[in-house]
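J.: Starting off with a structure, shown below.
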Amino acid sequence: KKLEELDENSCKWPVGHPEEKSFYFCGRSSLKDFSYCRLHLVYAYQPKGKREDVTNKEEDSPEYIDKKVNSA
C-alpha cells in the first residue's frame with residue numbers, strides 16, 4: 001500500500017527505497033498494539049545476541065514473538 005492508503009490496522013513495514021517510484025508498505029493486517037504484521041514482527045524484534053533461526057518448527061512464529069504479543 002502507498003502511505004496514504006495505510007490505516008491504524010495496516011502493517012507499516014517499508015518495502016524498497018522511499019525515493020523509488022515503486023516504494024510501498026506491506027499493508028497486511030497488523031497485530032494489536034503493533035505497527036507490523038506477524039511476519040514483520042519476526043524481522044523487527046530479534047532476540048539479543050542471536051541471529052540464527054529461532055523459529056519453532058511446529059508453530060507459525062518464534063516463541064519470543066508470541067510472548068511479546070501476549071504481553072502487549
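The values are calculated or read from the model by the stated rules, or taken from the named source; none is laboratory data. It should be emphasised that the depicted structure is a prediction, and the values quoted were computed from it without experimental measurement. Neighbour counts run over all protein chains shown; Cβ positions are idealised from the backbone, glycine included. Side chains are part of the model used for accessible areas, which takes the heavy atoms of the whole protein and leaves out ligands, DNA and RNA. Shrake-Rupley method; radii C 1.70, N 1.55, O 1.52, S 1.80 Å.
J.: Filter the stretch 21-50 for residues that are more than 30 Å from Glu63 (Cβ to Cβ), at pLDDT below 95 and not small (Gly, Ala, Ser) and give the result.
T.: Answer for the stretch 21-50, where residues must be more than 30 Å from Glu63 (Cβ to Cβ), at pLDDT below 95 and not small (Gly, Ala, Ser): just Lys21.
J.: Contact list please: Cβ distance under 7 Å, first residue in the stretch 15-44 and assigned to a loop (DSSP other than H, G, I, E, B), second residue at pLDDT 90 or above and of a type in the set (Phe, Trp, Tyr), pairs at least six apart or on different chains.
T.: Partner pairs satisfying both residue conditions: Gly16/Phe23; Gly16/Tyr24; His17/Phe23; Cys26/Trp13; Ser30/Tyr36; Tyr36/Trp13.
J.: Looking only at the stretch 4-52, how many residues end up being open to solvent by 60 Å² or more (accessible area, probe 1.4 Å), hydrophobic (A, V, I, L, M, F, W, C) and out of contact with any Phe, Trp or Tyr (no Cβ under 7 Å at 6 or more places or on another chain)?
T.: Here the count works out to 1.
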